[in-house]
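Q: My questions will all concern the structure given below.
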Amino acid sequence: LAHDDMRRWLQSDPPGTLGPREPQILRVAYPDRYWAEVQAAAKPYSRYEPRLLHGLVREESNFNKDIRSFAGAIGLSQLMPYTAKQTAEWLGEPVGDLNDPANNLMIGAKYLDSVHASVGGSPFLSLAGYNAGPGRVKQWLGKWGNVPTDEYVERIPFRETRGYVRRVSTTWQTYRYQFDQGAAFPDMSRFNHQAVPDGDI
């Protein structure tokens, strides 16, 4: 409940407006938990940066390794058992204990990479695919055409998925703002006019 209250409050009081105690507030709201494990899990993949996975994990589980959703998703990356089993097979590994942080993140990182590849490399579409399934992302592209990313996100018919893309994107950039000072923010301009820049997925 405190996490949800903090998130709502930060929607009207974003980073950059929090005054002299901003670093302390952000460290409570956006802790750097499991960062070493996230980096290790994401290291084999170059399609997305590790902070994207870190933001996803924060929003999926609030870093509670033992959490289980009402739908049955498990652990830090909130993996459904079938998805976890299929992804572990791609890795040539047993599915293992999904409450184990390193194992859960290894499978979650691979699944995010596979979704990222299937939606043309857009981090925004990959988040939609992680939440709603990559098949739906392609279905919506077929229905609406290759519209600008912001229009695509606003058209997502599932309120949960629409909010998820916004939340994880915000958390991703907030992590970069808080912990990766001096690192340039990624240039997302190629996604301005088309959800998939090359139009090929």
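Matching residues to (1) without any contact (Cβ under 8 Å) to a residue 60 or more places away in the chain; (2) open to solvent by less than 80 Å² (accessible area, probe 1.4 Å); (3) over 23 Å from M80 (Cα atoms):
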{"residue": "A132", "(1), (2), (3)": "yes, yes, no"}
{"residue": "K143", "(1), (2), (3)": "yes, no, yes"}
{"residue": "V147", "(1), (2), (3)": "yes, yes, yes"}
{"residue": "D150", "(1), (2), (3)": "yes, no, yes"}
{"residue": "V153", "(1), (2), (3)": "yes, yes, yes"}
{"residue": "I156", "(1), (2), (3)": "yes, yes, no"}
{"residue": "E160", "(1), (2), (3)": "yes, no, no"}
{"residue": "V168", "(1), (2), (3)": "no, yes, no"}
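Q: Please count how many residues of region 7-45 are surrounded by 14 or more Cβ atoms within 10 Å (Cβ to Cβ), at pLDDT below 95 and assigned to a helix (DSSP H, G or I).
A: Final tally of qualifying residues: 6.
Q: Report, by residue number, each residue of region 70-84 that is in a helix (DSSP H, G or I) and within 21 Å of H54 (Cβ to Cβ).
A: T83, A84
Q: Report whether or not S12 is over 16 Å from A109 (Cα atoms), hydroxyl-bearing (S, T, Y) and free of Cβ contacts under 8 Å to residues at least 40 places away in the same chain.
A: So S12 passes the test.
Q: Related question: Does at least one position in region 87-102 carry a residue that is open to solvent by 10 Å² or more (accessible area, probe 1.4 Å) and either aromatic (F, W, Y) or under 18 Å from V168 (Cβ atoms) (or both)?
A: Yes, region 87-102 has at least one match.
Q: Let me ask something else about it. Here's a check for you: in region 75-86, which residue that is among the aliphatic types (A, V, I, L, M) and within 25 Å of T174 (Cα to Cα) is surrounded by the most Cβ atoms within 10 Å (Cβ to Cβ)?
A: L76
Q: Which one is nearest to D5 (Cα to Cα) among residues in region 46-62 that are in a loop (DSSP other than H, G, I, E, B) and open to solvent by 40 Å² or more (accessible area, probe 1.4 Å)?
A: So, considering only residues that are in a loop (DSSP other than H, G, I, E, B) and open to solvent by 40 Å² or more (accessible area, probe 1.4 Å), the one nearest to D5 (Cα to Cα) is N62.
Q: Continuing with the same structure: Looking only at region 151-201, which residues are of a type in the set (F, W, Y), more than 23 Å from P50 (Cβ to Cβ) and part of a helix (DSSP H, G or I)?
A: Y152
Q: Would you call R176 among the charged types (D, E, K, R) and at pLDDT 95 or above?
A: So R176 fails the test.
Q: Restricting to region 85-130, count the residues that are charged (D, E, K, R), part of a helix (DSSP H, G or I) and free of Cβ contacts under 8 Å to residues at least 60 places away in the same chain.
A: Result for region 85-130: 2.
Q: Among E60, E22, which is out of contact with any Cys (no Cβ under 7 Å at 6 or more places or on another chain) and without any contact (Cβ under 8 Å) to a residue 12 or more places away in the chain?
A: E22
Q: I've got another one for you. Can you tell me which residue among F124, F185 is hydrophobic (A, V, I, L, M, F, W, C), open to solvent by 20 Å² or more (accessible area, probe 1.4 Å) and in contact with a Phe, Trp or Tyr (Cβ under 7 Å, 6 or more places away or on another chain)?
A: Being hydrophobic (A, V, I, L, M, F, W, C), open to solvent by 20 Å² or more (accessible area, probe 1.4 Å) and in contact with a Phe, Trp or Tyr (Cβ under 7 Å, 6 or more places away or on another chain) holds for just one of F124, F185, which is F124.
Q: Testing S114 on (1) at pLDDT 95 or above; (2) in contact with a helix residue (DSSP H, G or I) (Cβ under 6 Å, 6 or more places away or on another chain), one condition comes back false. Which one is that?
A: With respect to (1) at pLDDT 95 or above; (2) in contact with a helix residue (DSSP H, G or I) (Cβ under 6 Å, 6 or more places away or on another chain), S114 is out only on (2).
Q: Can you find, within region 170-182, the residue that is most open to solvent (accessible area, probe 1.4 Å) among those that are within 28 Å of R8 (Cβ to Cβ) and not polar (S, T, N, Q)?
A: My answer is Y177.
The values are calculated or read from the model by the stated rules, or taken from the named source; none is laboratory data. Remember, predicted model here, so these are calculated numbers, not experimental data. Note that each Cβ is placed from the backbone with ideal geometry, even for glycine, and that neighbours are counted across all protein chains shown. The area values use the complete protein model at the heavy-atom level, side chains included, leaving out ligands, DNA and RNA. Shrake-Rupley method; radii C 1.70, N 1.55, O 1.52, S 1.80 Å.
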